[in-house]
Amino acid sequence: MRRRILLRLMLCVGLLLPAVAVYSVLAQGEHIRYGDTVSGTISNPGDDESWLFDGRAGDVITIRVARTGGDLIPLISLEDANSTVLIDLDWAEAGPADVLVTASLHAAGTYTITVRGDSSTIGSYTLTLALEKCRRNRRQRCNLLWASCSGQYYE
């Protein structure tokens, strides 16, 4: 009797674990790499999508989010491996359909980019993650850069 109960319990746990693992991966977001361009959709106001990437200390990155459909005004946030928010781009007024963010990463680890829509805007977008080449000269040191954000309209 105990064996049957134990076997049933093990079977139930064995069936549930893969579902929990899949949910965990989906909840965390998809992994992307430098040079990738991915597509996403914000279907409902308040929804967001997350993208993960591995960065190294001193990497200077550019994140570009461009609206490809709907009325989406994209907002971007960037978090480090400790869930510390490094960038949380929000607009005081209606923002642009294209957003470009440049940042210098302070430590190695897995970073999270989150895209959401401003206010009640929804739609599709592309996200491009690029590793910028660092040009060093006497006046500029790449490791002194931290973050600069700009919203730009692209025609």
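The values are calculated or read from the model by the stated rules, or taken from the named source; none is laboratory data. None of the values given here were measured: they were computed from a predicted structure. Glycine gets a Cβ as well: all are built from the backbone with ideal geometry, and neighbour counts include every protein chain shown.
Annotation: of all residues in the stretch 73-117 being among the acidic types (Asp, Glu) and surrounded by 14 or more Cβ atoms within 10 Å (Cβ to Cβ), the one that is farthest from the chain's Cα centre (by Cα) is 98. Just one of (1) part of a strand (DSSP E or B); (2) surrounded by 16 or more Cβ atoms within 10 Å (Cβ to Cβ) fails for residue 121. It is (1). If I filter the stretch 38-61 for residues that are touching a His at 6+ places or on another chain (Cβ under 9 Å) and at pLDDT below 95, do I get at least one hit? Yes. Quickly run through the stretch 54-95 and pick out the residues that are of a type in the set (Ser, Thr, Tyr) and in a loop (DSSP other than H, G, I, E, B). Within the stretch 54-95, 68, 83, 84 qualify.
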